[in-house]
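First up is the structure itself, then whatever we jot down about it.
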Amino acid sequence: MFKRILTIIAVVFITIAAAFSGVCFGWKLLGFKTCIDPASIKLEYIDADDDYITLKGSVTASNASFLGYIYEIRDRNVYIGLHYNKISGYFNNNTAFELAIKPDTFSFSEISGIYIKNEADERLVWEKDPEIVDPEKFTALSGDDELSGYDEYKQLTVQYLNYSPELIPRLRVYQAETGNLAAGLNNTAVILLGLLSEDNPFYYTPLIFIDAGNETLCKELINGAYFTEFYLADIDGDRGDEIIIYNETEAKSESNSRAVSIFKWENGDLVNIFYHNGNPDVISGYTDTAGNNANSIPESRDNAGNKNSRTVFTLDTGFELVLSDSFLYTIENRFTDFSITFVRQNLNPYFEEDGNLTDVAPLINNGQWDGIDPCFNIFKPVDYNNDGIFEIMAAQYCSLWGRADNIGTAYSLMQWDNEKYSFDIIKSDFWVSEDYSGHREQANYAQKKSVFERSWYYN
């Protein structure tokens, strides 16, 4: 009798253990059928680099424990199933997951998307980066840093602009790209040079040299800059690359020091179709093209050879701030549906110590705030929807009551409008600045912001 009882107990124990093991581990045999609903997954981080697909997050369901994952690759997409179990959750309530997948059966360059799925549903959580135009050859663009192998363009520049040969030692070649500026002008070389100042080794006159074989052109871009770079990208859909010039015209610590110019190649000349320097003045003709000097921007002419009127655009990217009690900041954008609310408890003239608004706060809520920097600290072409026509990913610093009190960075995705000869704002976002005390915190903050900047403009 005693042996029989022991046998029954053993059978029951083995049955329970087998059932528990089957629930906890047998799910892998059933594939995605027992994986959790993708909608219940809260992702904190996802990235796909050259070695791993990395995911970190948690599940919104309570009393559940993460057991593992499965994945499959189909049609250049990676499908990941996450398995949670409530029974084991009573013993180990671990709703968080962190996993790194290193598949050996495909190249990361072939991935189009990453999905979380179960048997019934799937959720896209990552898309391949849209194409970003970045200069392949990039130097400090100042001082004696320069590209080697382009000395011939120094000679050509001196001849083209009728410079004295004595200026050749002060010329530097900073950037060289190849683009398709117009029909029949494929593989055109675009060279950025700088004529160094005699007094300041970091200040120079930026020059652009276009070498299209039978057609060449060299022009001074502006009187002087501390930093210049350019991008070649088709922003207007005519299958020809525009030249996007980004300048820092004053020292980096100064405000309102950045300018953007966009040029098209027309009839052997560069036509300036857009210029932005944060200055709201409207300028007609070429009496004062950059607010200082008539020769600071190349001329734009119509087919009859007449000078066109033009405008220095101050792009309003649509961000507005509202302050509320309890140290609440709300950033909204009137061109998009973007809105974000965050708490910033650093004491300033607009809040009492207990978080109530002061009498000065209505000035902010009525638009009388330093707000968005009128110049762009990022102005970069990115093919947001992978259609071959590039949008502009732009960023502006945002301060409350002085540039030292930076509260974040406003991001805008802008699309060129051929009728307005300006940009429409199609997507907005905002990065809230964080306070940090040590080098480790600063490094972590910089890494998080970098990940954000690489991903916020995804379609």
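The values are calculated or read from the model by the stated rules, or taken from the named source; none is laboratory data. Everything numeric here is computed off the predicted structure, so don't read it as measured data. Neighbour counts are summed over all protein chains in view; Cβ atoms, including those assigned to glycine, are modelled from backbone coordinates with ideal geometry.
Just to check your reading of the model, which residue among T216, T205, T157 is part of a helix (DSSP H, G or I) and touching a strand residue (DSSP E or B) at 6+ places or on another chain (Cβ under 8 Å)? Explain how you work it out, then say what you get.
Details: T216 fails: part of a helix (DSSP H, G or I); T205 fails: part of a helix (DSSP H, G or I).
Result of the check over T216, T205, T157: T157.
Surrounded by 19 or more Cβ atoms within 10 Å (Cβ to Cβ), of a type in the set (A, V, I, L, M) and modelled with pLDDT under 90, is that true of I392? Spelling it out, it is not the case that I392 is surrounded by 19 or more Cβ atoms within 10 Å (Cβ to Cβ), of a type in the set (A, V, I, L, M) and modelled with pLDDT under 90.
Does F202 meet the test of being farther than 15 Å from G268 by Cβ and surrounded by 13 or more Cβ atoms within 10 Å (Cβ to Cβ)? In short, yes. One residue stands out in the stretch 164-186 among those that are surrounded by 18 or more Cβ atoms within 10 Å (Cβ to Cβ) and over 15 Å from I243 (Cβ atoms): the one that is farthest from the chain's Cα centre (by Cα), namely L171. Taken over the stretch 395-410, the criterion of being among the hydrophobic types (A, V, I, L, M, F, W, C) and either part of a strand (DSSP E or B) or modelled with pLDDT of 90 or more (or both) is satisfied by A395, C398, I407, A410. In a residue-by-residue description of the stretch 301-316, the property of being surrounded by 15 or more Cβ atoms within 10 Å (Cβ to Cβ), modelled with pLDDT under 90 and of a type in the set (G, A, S) applies to no position.
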